[in-house]
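Worksheet for the structure shown next.
Just so it is clear, none of the values below were taken in a lab; they were calculated from the coordinates. Remember, it's a predicted structure, so these values are computed and weren't measured experimentally. Cβ sites come from the backbone with ideal geometry, for glycine too, and all protein chains shown count toward neighbours.
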Amino acid sequence: MASWDPGQYNRFADERARPFRELVARIPTAGAVAVVDLGCGPGSMTATLAERWPDAAILGIDSSPAMIEAASRLQTPQLRFQLADAGSWRPQRGSVDVIVANASLQWVAGHETLLPAWAAGLDDGGTLAFQVPIAAFDPGFGEVAARPRWADRLAGALGSTGPRSATPVLAAEEYVRLLSAAGLTVDAWQTTYYHVLPGDDPVFEWFKGTGLRPYLDALDPQAAQEFSAEVREELRALHPREPFGTILPFPRLFVVAHRP
Ligand SMILES: C[S@@+](CC[C@H](N)C(=O)[O-])C[C@H]1O[C@@H](n2cnc3c(N)ncnc32)[C@H](O)[C@@H]1O
């Protein structure tokens, strides 16, 4: 399986940073001593958590060795990084003040059981905050993957019911119910960013670093090239280049759940 590539991921660093900042800005917890960033990627956003909570021990967790290697260069006495699967991470009861997961939980299955387990790890006054692309979001490659030529080859790799239903992301209402039942006060909202991207095929380049990876990993190199060509064409048609750049509408769901 191809690994995450911090360089490709960082190509759109400014656009990717904004939802993280808007998520963290809504966290009401002051004076945190233990902060965890699940799916921390290259660690640049995790490092900003040290500015917000200067007295906290901050731990970034990611399952990609390449991402953790990049993040480890930012390590300080306050900021640590660890190679681990967020899906297996379980905090001790009441041991964490802030859990952040920005643009990572769409890669982690089992939200129905994970979120209550993480909620139980929050100390009084603690917050669980995450941001995910909404479940229905398909910038165009899901449509290509569903074509008869690709559907069978991709279905096995992406889940038994096929590429379109591969996301573990739930509806906003489900998160509100789940976390309210866990005793948290929930603030959930949705925002669509209209990113204006520069260069050739920028929507393809954006998703090559994230959402397209499982599709490309599932195919042999020749098939991956042919699939990529079809995806590029589809994405160009859906998101045409304009004189000022290419518009990528990106709907994201934010959930900030606080233990009073
Ligand atoms: C789109 S990046 C987000 C990175 C960072 N949170 C940010 O906001 O820039 C998604 C990250 O989730 C990580 N990831 C995917 N599945 C994971 C899992 N099961 N456990 C931990 N990290 C995971 C990937 O390795 C990748 O670094």
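Tabulated data for the structure shown
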read-out: Student exercise, segment 1-93 dipole from Lys, Arg, Asp, Glu Cβ charges, in Debye to nearest 20; value: 200 debye
read-out: Positive-end residue of PRO168, SER88, PRO139, charge dipole of the chain with Cβ unit charges; value: SER88
read-out: Linear extension gain, ASP55 paired with ALA146, 0.36 nm per residue minus alpha-carbon span; value: 27.9 nm
read-out: About the Cα centre, charge dipole magnitude for the chain (Lys/Arg +1, Asp/Glu -1 at Cβ), debye; value: 240 debye
read-out: Cut-off under 5 Å, modelled amide H: who pairs with ASP37 long-range; value: LEU59, GLY60, ILE61, VAL100
read-out: Scattering profile of the chain at q = 0.14 Å⁻¹ [log10 I(q)/I(0), Debye over alpha-carbon scatterers]; value: -0.99
read-out: Lys, Arg +1 and Asp, Glu -1 on Cβ, resulting dipole of segment 113-260 about Cα centre, debye, nearest 20; value: 120 debye
read-out: Helix-derived mean residue ellipticity, 222 nm - over the chain, DSSP H n ≥ 4, -39500 (n - 2.57), to 500; value: -11000 deg cm²/dmol
read-out: Lys/Arg +1, Asp/Glu -1 at C-beta; the chain dipole; positive extreme among PHE204, VAL256, HIS111; value: VAL256
